[in-house]
Amino acid sequence: MFSLQLSLLQVFFLMVPERVLSQPSPSPSGAMPTHSDLGPRTQGGTLQSSEVPGISTVGPTVVTSSTPGNKTADIFPARLNYLQKLQEVNATNFQALATEFGGESFTSTSQTQSPPPFYRAGDPIVTYFPKWSVISLLRQPAGVGAGGLCAKSNPAGFLESKSTTCARFFKNLADSCTSDPALDAASYYNFTVLKVPRGMSDLQNMEFQVPVTPVSQAGSPVLAGNTCQNVVSQVIYEIETNGTFGIQKVSVSFGQTNLTVEPGTSLQQDFIIHFRAFQQSTAASLTGSRSGNPGYIVGKPLLVLTGDIRHSMTLLQSQGDGTCSVKRHEVQFGVNAISGCKLRLKRVDCSHLQQEIYQALHGSPRPEHIAIFGNADPAQKGEWTEILSRNYNVSAMHCTSCCVPVSLEIQILWAYIGLQSNPQAHVSGARFLYQFQSIQDSQPETEVPLKTVVTFVDITQKPEPPRGQPRMDWKYPFDFFFPFKMAFSRGEGSQKGSIFAIIILCLLLLGVLNLETE
């Protein structure tokens, strides 16, 4: 045993460099000796090395002891030695090594990831040109630089309604008039829009593509003499979306102008994109909507019924010039409202005028019933109540000619029912009130001012508080003195047995009387 320890100690001194032994204290880092430190020493052992062209490595160190038995000890095991032979890589083990030791790479994400299933806010909108089989993005040119030049590479962001303005300058407008696609309205709708990005994986499936529909016909640019006509000056996109189902409808409208062909001609263009929720017009979609479950929610549409079709009650809406618009305001439950506009009518017979004005006041189709609750089913007639209609006496208006309705007041009576902890709002009844006015027969065209008013009246009868304070008008129960009567009506034995109960009742009565006097 002593000889073995002496041999190991000798090996240790042979392997440690001389400069380390000469230092007064050991190195704090405790670093392992390198192959350069080991040197060509062979006393007491051997160092095996291998040479590879261009790379010098040292194999595992084997120390041969000079002690009897010629035992071999591996001082530095191969899991601890980083100076090993290079591992051979071939087609068989390449993928396994790449999977085990591989990390992040600079591979394009388009090659490794599929398109996202739906648009997120701010995502670029994907377009497709079937004629050239090209995928692109919906652009919204914006002004850059001091001059505000149009940069067409600016993509439109999903659900980001905004407007941009930029300028275009022409060196030779005569050539650009019919060749520059930025001036031609057709270049802004000769493509389709993908409902969702995953449509890129199946471009032949038309279910993922939405055509861009022009609201009105826009002419192509034409060079007539010294003027370039039908130049696009404004582009307005209206995009309707439906949650994760993506884009459902896209329409575009244009503003056009004429430019004079002269040196340094410029054009200012406006690009506007509006996003709004998709509105389905089918009766099936309307039957699925509701304004509460079961009670109405304040601010939700007031549901009405015409025949078997459920829809929302609407009000007049005016345009910028004050005339009546085709669009109408929705009546919201619990929200009083008033609106008005001017209706222009061509002079015809009186009954026809009345019919048109009635339709303008209450909308088309005319509401017949109103939903009692916000989840009323059109198939259940008991869940609807008839809308009462009251016309003012026309003779009382002293109309000398045609009398037409000019005002409609919609009165809705509603109340809370159910538990006070969870009250449910329901409609108790509704009424239409019309007011009339006389118009002249001699006018070929007439303008009638119309007005609609909606009033909600709360008729809830609230119960008394369940734990109110005692009041002076409260009365005792009619059989309050029954125990006293029974006690005195019995014999003397029973009176002695119930005297204690009578005393307690008297004390309770005195206590109640004292509370009332205080």
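The values are calculated or read from the model by the stated rules, or taken from the named source; none is laboratory data. Quantities reported herein were computed from a predicted structural model and do not represent experimental measurements. Positions of Cβ are backbone-derived with ideal geometry, glycine not excepted, and every protein chain shown enters the neighbour counts. In case anyone asks, the SASA skips ligands and DNA or RNA and just uses the protein heavy atoms, side chains included. Shrake-Rupley method; radii C 1.70, N 1.55, O 1.52, S 1.80 Å.
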Given ASN230, PHE208, SER251, which one lies farthest toward the positive end of the charge dipole of region 177-272, if we put +1 on the Cβ of every Lys and Arg and -1 on the Cβ of every Asp and Glu?
-> PHE208
Using only protein heavy atoms and a 1.4 Å probe, report how much of ILE125 is accessible, in Å² to the nearest 10.
-> 0
Spin-label pair SER233/SER289, simplified geometry with 7 Å Cα→Cβ offset, distance in nm | 3.7
With the convex hull built on the alpha-carbon atoms of region 201-266, volume per residue in Å³ sits at 143
Listed here are the pairs LYS300/LYS451; LYS195/LYS327; LYS195/LYS346; LYS300/LYS381; LYS131/LYS152; LYS327/LYS381; which of them are more than 32 Å apart at the Cα?
-> LYS195/LYS346
Extension length gain for ALA98 and VAL335 (0.36 nm per residue less Cα distance), in nm, is 78.7 nm
Please work out how much length the chain gains when fully extended from SER266 to ALA182, using 0.36 nm per residue of separation minus the C-alpha to C-alpha distance, in nm with one decimal.
-> 28.9 nm
Could you tell me what % of all Cα pairs in region 122-245 have separations over 27 Å?
-> 25
How much area per residue is accessible in region 131-185 when the probe is 1.4 Å and only protein heavy atoms are counted (Å²)?
-> 57
Projected label distance in nm at LEU508 and VAL134, using a 7 Å step from Cα toward the beta-carbon = 9.6
Quick one: which of 425-433, 95-103, 143-151, 412-420 comes out on top by average Cβ neighbours within 10 Å, and what's the full order, highest first?
-> 425-433, 412-420, 143-151, 95-103
Based on the inverse mean of 1/r over its pairs of different Cα atoms, what is the Kirkwood hydrodynamic radius of region 89-191, in Å?
-> 18.1
Nearest-0.05 FRET efficiency for ALA91 and THR165 at R0 = 51 Å, using Cβ-Cβ distance, is 0.30
Reported to the nearest 10 Å², TYR189 has, with a 1.4 Å probe, an accessible area equal to 60
Report the FRET efficiency, 1/(1 + (r/R0)^6), for ASN375 and VAL453, where r is their Cβ-Cβ distance and R0 is 30 Å, rounded to 0.05.
-> 0.65
